[in-house]
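Read through the structure below, which is laid out as structure tokens, and then see the notes.
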Amino acid sequence: KLRAEYQRHLGVVPAALMLGTMRLGRANEASGAARQELLADAERIFLSVRQEAEGKPAYHLGLGQVFHRLGKIEAGERELTGLLAAEDYTVHLQVSEVYRELGLMPRAREICEAVFAKAPQPARDHAASKLALLATGLKDKESWLSKVATTSPAHEAQLAELRGHLRLSEGK
């Protein structure tokens, strides 16, 4: 009977993760007291499902970002770096995205470069594309975009446009 009751409430965990993530997104767009209130609410929501959500990457990604934004840097780092221990390169790229959203570009770049160096395809291509977005200049961006092995017409057009801008900047 208790197991049936427990299983009946398992749908709460994904809903709570989604709600916490939505609060976090709204907090990113807010400022002042409203931002702090939304962040505190997101933290409360994530922590309320800690036991059931433990081990789910979405939980640790959200909680790590909440902790960082609340100034609880050490706790945030524990959540995010814990996800890097596993060899799931998709999750590594998600961690990189969280760091990018936090404005920690060097850390985001470091993680993407590690994925690019170690991961098989298609994670390697995703890492190169993310590194192009994190590029420090046009040449850096071109370098990363040209390392994408599986291209599409949209990718080729983006690379051609970028090369055109580079040539223009050189006066050609």
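Of 117, 58, 160, all but one fail to be open to solvent by 50 Å² or more (accessible area, probe 1.4 Å), among the hydrophobic types (A, V, I, L, M, F, W, C), part of a helix (DSSP H, G or I) and in contact (Cβ under 8 Å) with a residue 12 or more places away in the chain; the exception is 58. Can you confirm whether residue 64 is assigned to a helix (DSSP H, G or I), under 16 Å from residue 100 (Cα atoms) and not hydrophobic (A, V, I, L, M, F, W, C)? Answer is yes for this residue.
Taking segment 120-137 as the range and being open to solvent by less than 70 Å² (accessible area, probe 1.4 Å) and within 25 Å of residue 89 (Cα to Cα) as the test, the residues that pass are 123, 125, 127, 128, 129, 130, 131, 132, 134, 135.
Would you check if residue 42 is without any contact (Cβ under 8 Å) to a residue 40 or more places away in the chain, in a helix (DSSP H, G or I), exposed (fewer than 11 other Cβ atoms within 10 Å of the Cβ) and among the small types (Gly, Ala, Ser)? No; evaluated as a whole, the condition is false for this residue.
Taking the stated definitions as given, is residue 100 assigned to a helix (DSSP H, G or I), farther than 24 Å from residue 26 by Cβ, within 19 Å of the chain's Cα centre (by Cα) and not hydroxyl-bearing (Ser, Thr, Tyr)? Taking the combined requirement at face value, the residue does not satisfy it.
Let's see how each residue does on (1) out of contact with any Pro (no Cβ under 9 Å at 6 or more places or on another chain); (2) farther than 16 Å from residue 54 by Cα; (3) of a type outside the set (Asp, Glu); (4) at pLDDT 95 or above:
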position	(1), (2), (3), (4)
72	yes, yes, yes, no
85	yes, no, yes, no
95	no, yes, yes, yes
122	yes, yes, yes, no
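Here residue 108 fulfils each of the conditions (1) crowded, with 19+ Cβ neighbours inside 10 Å; (2) under 27 Å from residue 56 (Cβ atoms); (3) out of contact with any Phe, Trp or Tyr (no Cβ under 6 Å at 6 or more places or on another chain) apart from (3). Every listed requirement among (1) loosely packed, with under 15 Cβ neighbours inside 10 Å; (2) closer than 23 Å to residue 56 by Cα; (3) of a type in the set (D, E, K, R) is met by residue 100 save one, (1). Checking each residue in segment 84-97 for being in a helix (DSSP H, G or I) and either among the basic types (Lys, Arg) or open to solvent by 20 Å² or more (accessible area, probe 1.4 Å) (or both) picks out 89, 90, 94, 97. Of the residues contained in segment 138-153, one or more are found to be of a type in the set (Lys, Arg) and within 25 Å of residue 92 (Cβ to Cβ). In contact with a His (Cβ under 8 Å, 6 or more places away or on another chain), assigned to a helix (DSSP H, G or I) and closer than 28 Å to residue 136 by Cα: does that describe residue 80? Judged against the criteria, residue 80 is a match.
The values are calculated or read from the model by the stated rules, or taken from the named source; none is laboratory data. From a predicted model like this one, the values you see are computed outputs, not experimental measurements. Glycine also receives a Cβ, built like all others from the backbone with ideal geometry; neighbour counts cover every protein chain displayed. Ligands, DNA and RNA are stripped out before the accessible areas are found, and what is left, the full protein with its side chains, is counted by its heavy atoms. Shrake-Rupley method; radii C 1.70, N 1.55, O 1.52, S 1.80 Å.
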